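Colleague: I have a structure here, written as structure tokens, and I will follow up with some questions on it.
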2 protein chains.
Amino acid sequence: MPRTELIVGVVGATGMVGRELVALLERRRFPVGELRPFSSGRAKSSVLFRGRRVNAPGVDAASLAACDIVFLVSSDEVSLELGPKLAKAGVWVIDDSAAFRMDPKVPLVIPEVNASALRKDRRLIAGPNCTMTGLAVAAAALHGAAKVKEARIASYQAVSGAGKAALNEFFGQATRRLSLHSDGRAPVLSEPKSKALPRAIATNVIPQVGRFDEHGHSGEERKVAAELRKVWNAPAMKVSVTAVRVPTIRGHALACWLTLAKPLSASKAMALMKRTPGLRLSTGADYPTPLSAAGREHVMAGRVRAGATSRELALWVVSDNLLKGAALNSVQVAEELLRRRWLGSRAAARG
Amino acid sequence: MPRTELIVGVVGATGMVGRELVALLERRRFPVGELRPFSSGRAKSSVLFRGRRVNAPGVDAASLAACDIVFLVSSDEVSLELGPKLAKAGVWVIDDSAAFRMDPKVPLVIPEVNASALRKDRRLIAGPNCTMTGLAVAAAALHGAAKVKEARIASYQAVSGAGKAALNEFFGQATRRLSLHSDGRAPVLSEPKSKALPRAIATNVIPQVGRFDEHGHSGEERKVAAELRKVWNAPAMKVSVTAVRVPTIRGHALACWLTLAKPLSASKAMALMKRTPGLRLSTGADYPTPLSAAGREHVMAGRVRAGATSRELALWVVSDNLLKGAALNSVQVAEELLRRRWLGSRAAARG
């Protein structure tokens with residue numbers, strides 16, 4: 001049965017997540033009849049799709065409103081402006097920003113974990129924060145089997161999560177610092193200036209991702225805690241996060257401690273994780289790293305072991321922040337809508 | 001009162017910690033009458049002390065046995081070979097290796113925390129693992145006031161902690177990777193080969209420091225847990241560690257969660273930490289990083305806030321792994337011996 005081909009809009013198509021998303025639509029054979037990419041900046045640009053260049057002009061609301069589905073992979077501001085309008089106009093909107101994630105009327109969906117949160121009449125769907133996605137997938141089965149009561153998470157977040165400007169800043173700083181270190185010694189150097197990140201990131205780690213609130217938690221730390229509770233439907237779960245930017249390019253890693261309501265041995269936990277969709281588990285002395293997870297669609301986990309107390313597990317999770325943490329999850333949500341036959345060609349339906 | 005000048009041996013003087021140690025002896029005006037530096041490798045080398053080059057030949061046990069104090073900043077093997085012999089010969093031995101730290105007859109000492117563990121008749125003294133030192137100092141007062149029952153620690157450890165070869169490997173990998181990234185994009189690259197570390201470290205993080213045991217804990221994770229219990233004299237404390245190597249040059253950082261026996265607010269904790277010797281506390285939106293802590297003698301802490309549960313605090317600690325984590329602590333132990341007049345010139349005493 002040939003599927004009707006869709007008009008697909010992408011806002012922020014020329015950004016790092018946007019380019020990954022357009023590539024995934026092609027690679028995963030999403031039934032795109034017409035691709036309408038838009039650049040959220042002012043610069044004219046284009047994307048490569050099925051071997052040809054497609055112009056990505058500035059946002060055109062009327063053109064977007066005629067799409068069957070629109071992926072928003074731009075800023076919170078752009079999503080706030082476009083998301084509700086498009087959904088009201090009957091367009092399925094998959095929003096990668098943080099703008100609507102905690103809105104009780106907006107499903108926050110990781111298909112492997114909570115596809116059941118999707119509703120046919122809720123056309124605005126949020127994708128989760130790229131940092132929590134790895135744990136949400138990796139420990140979903142553990143939460144299902146033994147209920148996670150407390151989670152403590154230290155992150156090792158790649159610079160690409162902060163955007164292109166941060167990545168360029170990183171490369172510039174790293175090149176300068178390494179030339180100073182070319183004699184193999186380790187002099188103490190003054191910190192270079194930074195704009196895109198709160199401190200220099202080359203040969204450094206920064207325990208700040210987002211702004212601090214009055215309790216000392218950063219924006220990223222609040223997002224991870226709140227979104228994990230929502231995706232796992234665990235409103236009473238206690239979550240504490242230390243979000244740290246590290247000098248890696250892509251792949252967010254997490255050191256996690258999970259306190260469970262019921263006893264669960266590390267070996268039983270691993271057996272559950274081996275059967276978890278979207279997850280690849282390393283065992284024994286093997287483990288994933290950002291370099292081994294970059295470009296992979298699966299969440300990767302390893303180092304599952306006993307934690308500090310009984311009923312506690314420690315584990316290590318890595319996922320590609322631009323793929324499963326962002327672009328891939330958005331495409332998978334759209335694929336789930338197709339599977340349910342909720343998403344189809346509006347033009348074909350009318351005509 | 002002029003102090004008698006001492007004959008001071010340093011084994012491993014030309015290593016990264018050794019060079020820092022020799023520089024500290026000079027900078028802190030340790031009463032060195034004669035410096036006897038030894039290279040633990042076979043290569044002939046020298047160190048700079050008080051403006052002149054001092055030869056550092058291969059280890060000479062007889063020459064060391066005639067010292068008043070010997071700093072061992074080489075390998076576990078060298079310490080096992082030399083430490084007990086020298087102590088038996090009446091030499092004060094400050095050992096930076098892991099060889100004797102958990103020996104119940106050997107004091108494991110961080111002077112600001114547990115100088116009371118020193119004994120006049122125990123001439124072999126161990127300095128602690130560089131990763132746990134930061135937390136041991138930063139939270140000593142919290143442990144004293146409210147007793148730490150559980151600790152969960154995720155580390156961000158600098159490459160210098162793995163030695164010169166690892167640092168050179170890092171610089172080589174980073175230079176190659178960055179030249180590939182000079183167009184500002186983030187291609188997915190295959191991982192370069194590694195020898196000194198278990199995986200490539202440039203633009204990566206590695207959740208393995210040391211070998212894994214049958215329970216899945218790495219050598220570093222076991223050391224941090226065991227040594228923290230010993231230094232804090234808290235044998236029943238539950239400690240879980242995830243030790244991770246990150247692409248920084250110097251300065252080990254820790255994301256910590258401490259569960260306390262008694263309630264302690266973040267503001268009271270900070271008041272206690274402000275009065276802790278050897279600690280500099282950042283408050284508000286400020287925090288230390290490896291770059292800001294490199295070359296500093298103080299342990300630095302920040303981001304003190306409520307943790308996941310009541311009676312729990314989260315905090316961020318950074319300390320220079322070559323200084324407070326190694327060379328500086330050794331010199332401070334020796335200074336404490338001087339203060340107590342336990343350490344003096346044996347030649348002067350005899351003659």
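The values are calculated or read from the model by the stated rules, or taken from the named source; none is laboratory data. This structure is a prediction, so every number in the text was calculated from the model and none was measured. Heads up, the Cβs are rebuilt from the backbone with ideal geometry, glycines too, and the neighbour counts pull from every protein chain shown. To get the accessible areas, we keep the full protein, side chains included, count just its heavy atoms, and leave off ligands, DNA and RNA. Shrake-Rupley method; radii C 1.70, N 1.55, O 1.52, S 1.80 Å.
Colleague: If you check A:Glu214, A:Glu191, A:Glu150, which single one turns out to be at pLDDT below 95 and open to solvent by 20 Å² or more (accessible area, probe 1.4 Å)?
Modeller: Sole residue among the options that is at pLDDT below 95 and open to solvent by 20 Å² or more (accessible area, probe 1.4 Å): A:Glu191.
Colleague: Now a separate question. Suppose we filter region A:223-245 for residues that are assigned to a loop (DSSP other than H, G, I, E, B) and either at the interface with another protein chain (Cβ under 10 Å from one of its Cβ atoms) or open to solvent by less than 40 Å² (accessible area, probe 1.4 Å) (or both); how many remain? It would help to see each step written out before you state the result.
Modeller: Keep residues of region A:223-245 that are assigned to a loop (DSSP other than H, G, I, E, B), which gives A:232-237, A:243-244.
Adding the requirement that they be either at the interface with another protein chain (Cβ under 10 Å from one of its Cβ atoms) or open to solvent by less than 40 Å² (accessible area, probe 1.4 Å) (or both) leaves A:232, A:234, A:237, A:243-244.
Residues in region A:223-245 being assigned to a loop (DSSP other than H, G, I, E, B) and either at the interface with another protein chain (Cβ under 10 Å from one of its Cβ atoms) or open to solvent by less than 40 Å² (accessible area, probe 1.4 Å) (or both): 5 in total.
Colleague: Given the condition open to solvent by less than 30 Å² (accessible area, probe 1.4 Å) and acidic (Asp, Glu), answer yes or no: does some residue in region A:12-24 qualify?
Modeller: So far as region A:12-24 goes, no, none of its residues is open to solvent by less than 30 Å² (accessible area, probe 1.4 Å) and acidic (Asp, Glu).
Colleague: Go through region B:1-29 and count every residue that is among the hydrophobic types (A, V, I, L, M, F, W, C) and part of a loop (DSSP other than H, G, I, E, B).
Modeller: Looking only at that region, the number is 2.
Colleague: Sticking with this one: Taking only pairs six or more apart or across chains, which ones have beta-carbon atoms under 8 Å, a first residue in region A:325-347 that is within 15 Å of A:Leu124 (Cα to Cα), and a second residue that is of a type in the set (Gly, Ala, Ser) and open to solvent by 10 Å² or more (accessible area, probe 1.4 Å)?
Modeller: Final answer for the pair search is A:Glu336/A:Ala115.
Colleague: Another one. Any chance you could count how many residues in region B:269-324 are without any contact (Cβ under 8 Å) to a residue 12 or more places away in the chain and more than 9 Å from chain A (Cβ to nearest Cβ)?
Modeller: Of the residues in that region, 2 qualify.
Colleague: Among A:Val209, A:Val159, A:Val205, which is more than 10 Å from every other protein chain (Cβ to nearest Cβ) and at pLDDT 90 or above?
Modeller: Going through A:Val209, A:Val159, A:Val205 in turn, just one is more than 10 Å from every other protein chain (Cβ to nearest Cβ) and at pLDDT 90 or above: A:Val209.
Colleague: Follow-up question, since we're still on this one. List the number of the failed condition for A:Val54; all other conditions in (1) surrounded by fewer than 19 Cβ atoms within 10 Å (Cβ to Cβ); (2) under 27 Å from A:Arg341 (Cα atoms); (3) β-branched (Val, Ile, Thr) hold.
Modeller: That leaves (2) as the condition not met.
Colleague: Do we have A:Glu112 as modelled with pLDDT under 95, touching a helix residue (DSSP H, G or I) at 6+ places or on another chain (Cβ under 8 Å) and of a type in the set (Asp, Glu) here?
Modeller: no
Colleague: Also, quick follow-up: Does region B:73-95 hold any residues that are open to solvent by 40 Å² or more (accessible area, probe 1.4 Å) and among the hydrophobic types (A, V, I, L, M, F, W, C), and which are they?
Modeller: Passing the criteria: B:Leu80, B:Ala89.
Colleague: Let me ask something else. Provide a single number: the residues in region A:78-97 that are within 28 Å of A:Thr131 (Cβ to Cβ) and assigned to a helix (DSSP H, G or I).
Modeller: So the count comes out to 9.
Colleague: Just give me the residues in region A:117-141 being open to solvent by 10 Å² or more (accessible area, probe 1.4 Å), out of contact with any His (no Cβ under 8 Å at 6 or more places or on another chain) and closer than 17 Å to A:Glu297 by Cβ, in sequence order.
Modeller: Selection gives A:Ala140 alone.
Colleague: Filter region A:195-207 down to the residues that are small (Gly, Ala, Ser) and open to solvent by 40 Å² or more (accessible area, probe 1.4 Å) and list them by number.
Modeller: A:Ala196
Colleague: Another one. Can you pull out the residues in region A:24-51 that are free of Cβ contacts under 8 Å to residues at least 60 places away in the same chain and among the small types (Gly, Ala, Ser)?
Modeller: A:Ser39, A:Ser40, A:Gly41, A:Ala43, A:Ser45, A:Ser46, A:Gly51
Colleague: Could you give every pair whose Cβ atoms fall below 7 Å, whose first residue belongs to region B:246-268 and is away from every other protein chain (no Cβ under 11 Å), and whose second residue is at pLDDT 95 or above and open to solvent by 30 Å² or more (accessible area, probe 1.4 Å), counting only separations of at least 6 or pairs across chains?
Modeller: B:Leu260/B:Lys147; B:Leu260/B:Lys149; B:Leu260/B:Arg311; B:Ala261/B:Lys147; B:Ala261/B:Lys149; B:Lys262/B:Lys147; B:Pro263/B:Arg311; B:Leu264/B:Ala145
Colleague: Shifting gears a bit: Output yes when any residue across region A:100-113 is within 14 Å of chain B (Cβ to nearest Cβ), in a strand (DSSP E or B) and closer than 30 Å to A:Thr259 by Cα, and no when none is.
Modeller: no
Colleague: If you don't mind, another one. Does A:Glu220 satisfy the criteria of being open to solvent by less than 40 Å² (accessible area, probe 1.4 Å) and acidic (Asp, Glu)? Before you say what the answer is, go through the steps one by one.
Modeller: Values: open to solvent by less than 40 Å² (accessible area, probe 1.4 Å): yes; acidic (Asp, Glu): yes.
Against the criterion (open to solvent by less than 40 Å² (accessible area, probe 1.4 Å) and acidic (Asp, Glu)), A:Glu220 qualifies.
Colleague: Mind checking which residues of region B:243-284 are of a type in the set (Ser, Thr, Tyr) and in contact with a helix residue (DSSP H, G or I) (Cβ under 7 Å, 6 or more places away or on another chain)?
Modeller: B:Thr248, B:Thr276, B:Thr283
Colleague: A further question on this structure: Applying the selection to region A:193-222, what residues are in a loop (DSSP other than H, G, I, E, B), among the small types (Gly, Ala, Ser) and at negative phi?
Modeller: So the first thing to find is which residues in region A:193-222 are in a loop (DSSP other than H, G, I, E, B), and the list is A:193-205, A:207-211, A:213-217.
Filter again for among the small types (Gly, Ala, Ser), leaving A:194, A:196, A:200, A:202, A:210, A:216.
A:Ser194, A:Ala196, A:Ala200, A:Ala202, listed by residue number.
Colleague: Another question, then. Would you check which residues across region B:36-45 are open to solvent by 20 Å² or more (accessible area, probe 1.4 Å) and either modelled with pLDDT of 95 or more or among the hydrophobic types (A, V, I, L, M, F, W, C) (or both) and list them?
Modeller: B:Arg36, B:Ala43
Colleague: Related question: With the requirement that a residue be aromatic (Phe, Trp, Tyr) and part of a loop (DSSP other than H, G, I, E, B), what does region A:30-77 give you? Walk me through how you get there before you give the answer.
Modeller: Within region A:30-77, the subset aromatic (Phe, Trp, Tyr) is A:30, A:38, A:49, A:71.
Within region A:30-77, A:Phe30 is the sole residue that qualifies.
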